[in-house]
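Visitor: The structure follows.
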Amino acid sequence: MVDTTCRIGSVLFKNPVVMASGTFGFGREYAKFYDLNKLGGISGKGLTLKAKEGNEGLRVWETAAGMLNSVGLENPGIMGFLEEETPFWQQLDTVRIVNLGGGCLSDYEEGAEILENFSVRSLADERPAYDMIELNISCPNVKEGGMAYGIRTETAREVVRLVREATSLPLVVKLSPNAEDLTGMAAMCEEEGADGISLVNTFSAMKIDIHKRRSVFQNLYAGLSGPAIKPIALRMVHQVCKTVSIPVMGMGGISSAEDAIEFIMAGAETVQVGTHNFVSLRAGEELVEGISAFMRQEGIKSLQEIRGII
Amino acid sequence: MADAVILDNVQLSSGIFRMTVRSESGGLPGQFYMLRAWSTSPLLSRPISIFDIEGDQLHFLYQTAGEGTRLLSQLRAGDRIGLEGPFGNGFPAASGKIALAGGGIGIAPLYYALKHLPQAEVYLGFSREPYLVAEFERLSSRVTVDIGGYITDQIDLTAYDQVWVCGPEPMMKAMQRKNEAAGAAGKVFVSLENRMACGIGACLVCSTKTSGGRRKACADGPVFPVEEVVFGG
């Protein structure tokens with residue numbers, strides 16, 4: 001028996017495989033393919049205070065070993081999530097993470113307050129529907145916020161501080177690889193009391209249709225994900241792990257158990273798996289089993305033996 | 001990913017192929033499968049609609065348009081292919097007199113539909129060389145073929161209770177205008193061909209604008225009442 005458990009703040013994960021926000025809906029669709037309770041955790045679709053329709057026009061373009069997306073945070077809003085999705089989440093025996101995005105500072109603050117109040121209320125009489133918040137200051141696909149807060153450390157500090165004050169829920173901040181000073185950003189999150197950091201979100205990128213002589217995306221730029229970004233994401237996760245002492249959820253192009261092990265050796269507490277869910281609808285289950293198999297083969301009893309060894 | 005053995009993969013016309021695989025996963029007319037025969041490049045699976053089902057054989061009709069379909073076209077009998085499905089809502093419950101209208105590779109989901117509706121009348125439009133017309137004629141005595149124009153021009157909406165359409169966007173838009181002029185609702189259904197990533201309704205990249213808000217082409221569709229679709233949204 002191998003010990004695959006991980007911990008971020010007070011939250012215990014049964015294994016390091018967490019499904020990344022925006023690639024997994026709220027889990028329902030994938031529940032038809034495997035038992036979600038096998039997962040370490042699920043980060044739900046990014047939520048904004050009010051429901052959002054997302055971007056118009058084309059939303060996806062394939063690239064070499066990767067893809068660009070321009071979904072633009074289409075989501076049911078926090079209230080829509082609380083009404084429609086929490087009954088399903090309440091039944092799950094895995095770490096459930098609410099991904100909170102925002103337009104302006106007050107939206108982030110109000111969103112965090114609503115999540116805090118709902119959580120406190122539900123704690124009183126039943127099992128809570130979620131275990132932690134992943135603060136998204138890194139979505140590259142929405143103009144009125146998201147990544148705008150994820151570029152400059154001091155701008156991001158305001159959001160992190162407000163949300164930290166608004167909620168006692170365990171808090172992870174999801175960073176953009178497009179940040180001006182990534183390790184400075186990570187250090188700021190630790191200073192402001194975040195329980196952990198997740199990175200990387202997608203890389204701001206572009207595709208031009210040379211016949212139409214314009215970007216294929218109405219929003220001009222889009223977010224690059226998939227195996228193509230893995231080596232850069234791994235380096236960034238490594239740098240952040242060397243900078244902060246709070247746990248890191250590492251992600252970016254993870255497509256196999258071996259990839260996940262690399263991120264853990266680079267120092268990540270858990271990993272997140274995003275685009276690979278599209279390549280294999282059973283990706284979560286496969287990675288959980290693959291990591292245990294690797295540990296058995298290598299005689300690793302606990303992930304702690306290999307975490308951050310590089 | 002579930003995988004299946006390819007029994008046949010033949011070229012029917014320039015860039016048009018029919019692949020047969022052994023699978024008992026079945027499906028309804030208008031549903032699709034996600035197919036892949038590669039690891040990370042291209043990255044995504046390809047949504048391909050069900051052309052026909054015979055016992056434990058699934059048939060797909062596809063056109064080579066990019067890297068993925070080109071790789072599919074190179075597969076041979078005996079090769080294995082990754083496949084997930086069937087997905088999507090498929091065509092609605094049939095009622096009354098039905099016309100099936102396909103443009104180019106958009107004829108693909110109509111053949112299996114016709115098998116269930118032998119009384120349906122068929123309209124097939126091609127920009128150049130037609131294909132599979134004889135196969136459709138074997139199932140229906142009322143097949144109209146158009147080359148180079150809009151096949152939708154030949155359909156008298158008042159003659160049918162339902163019209164099921166699949167084809168390039170300009171064709172479906174033409175059908176929408178025609179339907180709007182006739183003031184019809186709940187009569188014309190279009191099958192959308194949006195680019196997809198997950199195929200199951202989780203990623204929202206195929207989300208399409210409709211009069212009832214954003215809908216997922218893969219899970220809420222691909223078939224929608226034409227009057228609800230906002231093309232280009």
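The values are calculated or read from the model by the stated rules, or taken from the named source; none is laboratory data. Since the model is a prediction, treat every value here as computed from it, not as a measurement. All Cβ positions, even for glycine, are placed from backbone atoms using ideal geometry, and neighbour counts span all protein chains on display.
Visitor: In the range A:298-308, is there at least one residue being under 20 Å from the mean Cα position of the chain (by Cα) and surrounded by 17 or more Cβ atoms within 10 Å (Cβ to Cβ)?
Guide: Yes, the range A:298-308 contains a residue that is under 20 Å from the mean Cα position of the chain (by Cα) and surrounded by 17 or more Cβ atoms within 10 Å (Cβ to Cβ).
Visitor: Oh, and also: Can you confirm whether A:Val71 is at the interface with chain B (Cβ under 8 Å from one of its Cβ atoms), farther than 22 Å from A:Glu286 by Cβ and surrounded by fewer than 24 Cβ atoms within 10 Å (Cβ to Cβ)?
Guide: When the stated conditions are applied, A:Val71 does not pass them.
Visitor: Further, regarding this structure: Anything in the range A:268-285 that is more than 21 Å from A:Ile97 (Cα to Cα) and not aliphatic (A, V, I, L, M)? List them, or say none.
Guide: Matches in the range A:268-285: A:Ser280 only.
Visitor: Starting from the range B:112-131, take each residue that is assigned to a strand (DSSP E or B) and list its partners that are at pLDDT 95 or above and of a type in the set (Phe, Trp, Tyr), counting only C-beta distances under 6 angstrom and pairs at least six apart or across chains.
Guide: B:Val122/B:Phe136
Visitor: Of everything in the range B:139-159 that's farther than 19 Å from B:Lys97 by Cα and surrounded by fewer than 12 Cβ atoms within 10 Å (Cβ to Cβ), which residue is modelled with the lowest pLDDT?
Guide: It comes out as B:Gly149.
Visitor: Here's a check for you: in the range B:20-41, which residue that is touching a helix residue (DSSP H, G or I) at 6+ places or on another chain (Cβ under 7 Å) and buried (at least 21 other Cβ atoms within 10 Å of the Cβ) is farthest from the other protein chains (Cβ to nearest Cβ)?
Guide: Ranking the qualifying residues of the range B:20-41, first place goes to B:Pro29.
Visitor: Starting from the range A:182-193, keep only residues that are at positive phi, then list their pairs with residues that are assigned to a helix (DSSP H, G or I) whose Cβ atoms are within a distance under 6 Å, requiring at least 6 positions of separation or different chains.
Guide: Listed by first residue and then by second, the contacts come to A:Gly193/A:Arg164.
Visitor: Here's something else I'd like to know. Based on this model, can you work out whether A:Val288 counts as assigned to a helix (DSSP H, G or I) and touching a residue at least 24 places away in the same chain (Cβ under 8 Å)?
Guide: Yes, satisfied.
Visitor: Return the residue satisfying two criteria in turn: it lies in the range A:30-54 and is over 13 Å from the mean Cα position of the chain (by Cα) and among the polar types (S, T, N, Q), and of such residues it is farthest from the other protein chains (Cβ to nearest Cβ).
Guide: Looking at the filtered set, the residue picked out is A:Asn37.
Visitor: Being within 10 Å of chain A (Cβ to nearest Cβ), more than 18 Å from the chain's Cα centre (by Cα), small (Gly, Ala, Ser) and crowded, with 21+ Cβ neighbours inside 10 Å is true for just one of B:Ala197, B:Ala202. Which residue is that?
Guide: B:Ala202 is the lone residue from the list that is within 10 Å of chain A (Cβ to nearest Cβ), more than 18 Å from the chain's Cα centre (by Cα), small (Gly, Ala, Ser) and crowded, with 21+ Cβ neighbours inside 10 Å.
Visitor: Take residues that are within 30 Å of A:Ser292 (Cβ to Cβ) and among the hydrophobic types (A, V, I, L, M, F, W, C) and tell me which of the strands (runs of 3 or more DSSP E) falling wholly in the range A:163-256 contain 2 or more.
Guide: Per the criteria, A:171-174, A:196-199, A:248-250.
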